[in-house]
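Scroll down for the structure; my scribbles are underneath it.
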Amino acid sequence: MLEKMDIDQPNSESGSSRTEIKNALYARCASLPAETVFSQHDLLDLGVIPDKDIKLLLQCTQELTREGLLKLLTRDGRACWRVVKKEDAQKYKSLTAEESLVYSYVESAGREGIWNRMLRIRSGLHMTVVGEAVKSLERRNYIKQIKTAKFPNRKTYMLAGLQPSEVVTGGPFYTDGTLDDEFVHQMSRWTERYIVGRSWAKPSDNPHIHSNSKKTSKQPRTSKHQTESERLVSSLPSRNANYIDLLPFPPGFTGYPSVSEITRAINASNLSPVTMKEAEMKQLLDILVWDGRIEENLLNGGYKAVKKAAIAVMNGQRTNEGQINEGTEPGDGGASALTEAPCGRCPVIGFCEERGPVNARSCEYFTDWLMI
Amino acid sequence: MSEYATQLSVVLVNGIFGELPSQVFHALAFNGRLSFSGLLHHTHFSPVEVRHSISVLIQQQLVYWYEPDNIGPALYEANLENSYLLARSGKYIQLLKDRFGDFASELVSNVIILGHVRIGDLTRTYFPSIDERGPLSEIVASDHLSQLSDEHPVKPNGDTEKHVHTVDELHSTISNLLGAGLLCLVHESYFRSAADNIAEAEHVVPRDGSIKSKKQQEATWELDVQQKLEDWRYGSKADMNTLAPNLQRTKRTFDGEHDELPTKKRKLAGLRAKGSDQIAGGQEIASSGWLDQDFIVRVNHEKLKIIMRNQQLVALAEESIGTATSTVYAELLRTAEPQLRKCKNELYIADDDPEIELATLPQVSTDKLKAIKKLLHDLPDLSSALGKVDPSEIDLGRLLHKSKKPKKRRKSVQSDADEASVEGSASSDESESENIANESESDRSTNDRYSNSNSPSRGDNDHPSEGRNYKTPDTTPDTTPKTNGVTSPSDALRQHLLLLSDQPQRFLIPVPRTKTDLEKWAVPYHDLSRTLLQNAIVSITISRFGPLAGRLIRILAANDNSTKLDEKMLVLLSLIPQKQMRTLLHSMHRAGHIELQEIPKDGSQRRPGMTLFYWFFDPDRCRKKMLEETYKTMTRLVQRARVEREGVRSTVEKAERTDVVGREEELLGEGELMALNEWKEKEERIWGEVGRLDELVAVLRDF
Ligand code: SF4
């Protein structure tokens, strides 16, 4: 039935002017998804042109192209067309030749945007001309400048109505082309917590552990060997007062969460409206690895929290002002014998010589350090 | 050796031996090799003074000396390696105390004070009335020795004397220490520099004329020269036989562990054969008589380095896994100790064939560990130190099989395990030590663990088919569900060993059991040393520039250091805002933590806008830079210690007077006491820091 109507309609109006046919053709094309590219054949198949009259079709397309309502393209050496929206056509009409050229390149760059310099090269116009055209287009709110994450210093343009693609924005970690620190921080904190909860067993999970571990702590004093290791052990931070004991899972444990597992979890968490892809999650996980907070399990590619970091998280040391706190967190492994000593962080170590003006004898950094 | 290392050496010598020797040492350290007259010229001391200083320094092996072919004047050269080690003496003595008790540590501190000492002389300091058997030898430097011992008579304090009952006891302590490699024999080569030793060895080792091929002859000769050098450094077998004629040789672990190596590994040149003749590799010397009095012993700092590294590894394991596991690791490393003579393993070969690589690593068998009493004692704690999980979440097969083993080996291991599970207790008695009760029980349950999670039920008595694989899904779990990997106490040990292998740091590599060989655990020291090094560098970076700098340096170090990254790439990877990152990179660069390469795109013009900047991490350069700074820091600390002491010198001297000692409270004024206490605290702080910096030097330089 529908088909019949479609075919019938033009026939019933066979006497109507070419303008009507032309308008009908445009309307029909515009009703299809934007960006559809029509070959001559496609257009004839739409059934708008009576008797598939090629001559008539060409006349119509020519006119439409002239009015800026169709855009002539070539694909594989053949002519084809794309619909231009009425508003856009309006824009083109109001533009100078240079402006419309520039506009068309910006338009064809789509959601990726186009770099100022590329505009100049492609259009073959002089820099100032391009500059003026761009300015005028921007003023009329036809195009906009965007920031790309990869090349923040390049002037890049895109049609005003478009949203930059992820390649341009740099994915979920960027807002307006700049890195969103806070977002990265929030997401990685959540991720870390998630992994921490799956990396270690708490002694309370093994009910009989307590009596046993108490026994251990008494034993070591009996034999000679232990004094050596005991001393070592006692120097570790884990002997601090707020020490939470965590037990390792047995070897061969396959339950450490994998990238896809973590991705699914974070997306289900409603932490952020952004849906993370696995590749993006991997980026975040890499960062936690480089920060020394989690490690990749050798065998199944799962992730496991580094013990020190896990303890820190469980102790709640990671407050909301994580940025400030991070420097002193144990997970960072920030203590070094070298930087403990005054010379290890001395700004004038380069000038410090035994008989020089700066020396260990009169050094104030040292005096302070010895006072502590 | 660098300027700062030299400075540090001079400061250390000064602190211990006083102004005169340190001036002489200074002259040698900064001018290179000098003759006696050259020394006179450089120091402006009298010949008597110089001679005296030199003899002290030689006695302490702080100066090399060499007489070329016994013609011409002797030449002296500063031994910077040994002089640095003065900073480590305290650790040595402490270690001895921990392991062998007070007497041994006292003995060794005497050896350290004397530098090197004839066994006869050492015996006489404890038992002045003892007759020596045999004549005094005219071995090099023995005159220096007597000279020194006259000045610093070693008087064992009363306490210790009470503990020594017999000369036998003294000698057995010495032989124990020799066996553990913590004392070693001194050869005259020890007083010569490395270059001189090589020249000398090349001079004395004959070329084997019977070998026709020139190339082969040369190769054999080179090995012989190496062998000679090793013999000199660590003592030869022949020396050993003379030293302790009644020696009961226990089979050397070094050989024992590797006896069953496939022929391929044997081919690892005469490499290993070469090692087999030495004693310091760790022979257990059980002497039932006196040692030859004429041998001269010294402390062996190489061994201390190995032990220090083990301690750091154990600490790392404790920190990243837990105390129970690190206890197991400590015992394993200790068992492996005799297999290493140096930290930088000369046998290690990074090879594509993992079998070769494994063969060059020290290995310890599970059974050997099971026999260690302390671990037996700890077994209950070991089993409770592991978290419990659902049995379906354990896949051990992967751990054992993924260990880079070639296919052939892999297959045989698998069938071995299967066999064991069929034969049950029968397989256990062939290898397990009798010490362990319930051995067969535990063995079976080990296999249960395999079968439970991975293969059909154990009750299945069919002969294992080739196709059976650990990954076969579990269809009929027939045993009661186990929530912990450990089923019997003696199982626990192995679980912890596996756990050590199942870590990103890869503390151990499992070497599965074969038909002919026991299950063993290899220690990949080479990689572990690198991990320690990188950890140390990252720690310094973080404490200087904050955690984000740590992230950056880890990124740059991640891909085996060959990657050079530009800023854009770094921003993408690190997710640090560009400006902040740039500031960090530049400060890290200025401090020598990372390197920068500039590649101009416009040829020679080098306009800044047209230059690509690539950042990279050069571990060796960074290591050297950090080492320099550590030396410099240590130097300043020791200098400052001297300054602090000067400030309270009169009080200290007063406090040390014999009539004051013990009655400080009465005889010193309140102000004096306060000053004294304050100074003591400072001393402690300074020397404690020096000790920690020394640990860092060990990581940066020795491991
Ligand atoms: S002694 Fe003082 S001035 Fe010299 S390097 Fe050390 S801290 Fe700096």
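The values are calculated or read from the model by the stated rules, or taken from the named source; none is laboratory data. These figures come from a predicted structure and were not determined experimentally. Here the Cβ is made from the backbone with ideal geometry for all residues, glycine too, and neighbour counts use every protein chain on show. Remember, those area values only see protein heavy atoms, side chains included, never the ligands or the DNA or RNA. Shrake-Rupley method; radii C 1.70, N 1.55, O 1.52, S 1.80 Å.
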- Accessible surface, 1.4 Å probe, highest first, among residues B:319, A:278: A:278, B:319
- Task: Leaving out ligands, DNA and RNA, calculate the buried accessible area for the pair B and A with a 1.4 Å probe, summed over both sides, in Å² to the nearest 100.
- Result: 7600
- Task: Could I have the simple spin-label model distance between residue B:589 and residue A:264, label points 7 Å from Cα toward Cβ, reported in nm to one decimal?
- Result: 4.5
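Fully extended, how many nm does the chain gain between residue B:680 and residue B:663 (0.36 nm per residue separation, minus their Cα-Cα distance)?
Working: separation 17, 0.36 × 17 = 6.12 nm, distance 1.73 nm.
Taking 0.36 nm per residue and subtracting the Cα distance, the gain is 4.4 nm.
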- Task: Leaving ligands, DNA and RNA out of it, work out the accessible area of residue B:595 with a 1.4 Å probe and give it in Å² to the nearest 10.
- Result: 20
- Item | Two-site FRET efficiency, residue B:46 against residue B:342, from Cβ-Cβ distance with R₀ of 51 Å, rounded to 0.05 | 0.80
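Just reorder B:360, A:96 by solvent-accessible area, largest first, 1.4 Å probe, all chains present.
A:96, B:360
Apply 1/(1 + (r/R0)^6) to the Cβ-Cβ distance of residue B:212 and residue B:597, taking R0 = 60 Å, and write down the FRET efficiency to the nearest 0.05. It would help to have the intermediate numbers written out before the result.
Details: r = 51 Å, r/R0 = 0.86.
Here the calculated transfer efficiency is 0.70.
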- Taking 0.36 nm per intervening residue step and subtracting the Cα-Cα distance, what contour gain separates residue A:75 from residue A:140 on full extension? 20.2 nm
- Under-5 Å amide H pairs with residue A:294, H placed in peptide plane, nonlocal only: A:289, A:306
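Computed FRET efficiency, Cβ-Cβ of residue A:277 and residue A:349, R0 45 Å: what is it to the nearest 0.05? Walk me through the intermediate numbers first.
Details: r = 47 Å, r/R0 = 1.05.
That gives a FRET efficiency of 0.45.
Under the classification rounded if a/c is under 1.5, otherwise prolate if a/b is larger than b/c and oblate if not, where does segment A:114-157 fall, given a ≥ b ≥ c as square roots of the Cα gyration tensor eigenvalues? Numbers along the way, then the final one.
Values: a/c = 2.47, a/b = 1.19, b/c = 2.08.
Oblate, because a/c is 1.5 or more while a/b does not exceed b/c.
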- Task: Mind checking which of B:641, B:699, B:686 is farthest towards the positive end of segment B:624-702's charge dipole, using Cβ charges of +1 (Lys, Arg) and -1 (Asp, Glu) about the Cα centre?
- Result: B:699
- Query: Say each of residue A:154 and residue A:53 gets a label point 7 Å from the Cα, pointing the same way as Cα to Cβ; how far apart are those two points in nm?
  - Reply: 5.0
- Surpassing 28 Å at the alpha-carbon level, of the pairs B:305/B:373; A:308/B:564; B:215/B:303; A:135/B:601, are A:308/B:564; B:215/B:303; A:135/B:601
- Note on the structure: For segment B:690-703, Karplus-derived ³J(HN,Hα) couplings (6.51, -1.76, 1.60; θ = phi - 60°; whole Hz; x for glycine and proline) come out as 4, x, 5, 5, 5, 4, 5, 4, 4, 5, 6, 10, 8, 7
- Item | Under-5 Å amide H pairs with residue B:66, H placed in peptide plane, nonlocal only | B:75
- Take the alpha carbon gyration tensor of segment B:527-617, find the square roots of its eigenvalues, order them as a ≥ b ≥ c, and report rounded if a/c is under 1.5; if not, report prolate when a/b exceeds b/c, else oblate. prolate
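If you rank B:99, B:88, A:361 by how much accessible surface each has, with a 1.4 Å probe, what is the order from largest down? Show your work: numbers first, answer last.
Working: B:99 25, B:88 0, A:361 135 Å².
The most accessible residue leads, giving A:361, B:99, B:88.
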- Surface accessible to a 1.4 Å probe, residue B:366 within the full protein complex, Å²: 10
- List, largest first, the extents of the alpha carbons of segment B:589-650 along their principal axes, each in whole Å. 69, 22, 13
- Label model pair residue B:656, residue A:42: point-to-point distance (7 angstrom along the Cα→beta-carbon line) in nm is 9.8
- Surface accessible to a 1.4 Å probe, residue B:656 within the full protein complex, Å²: 130
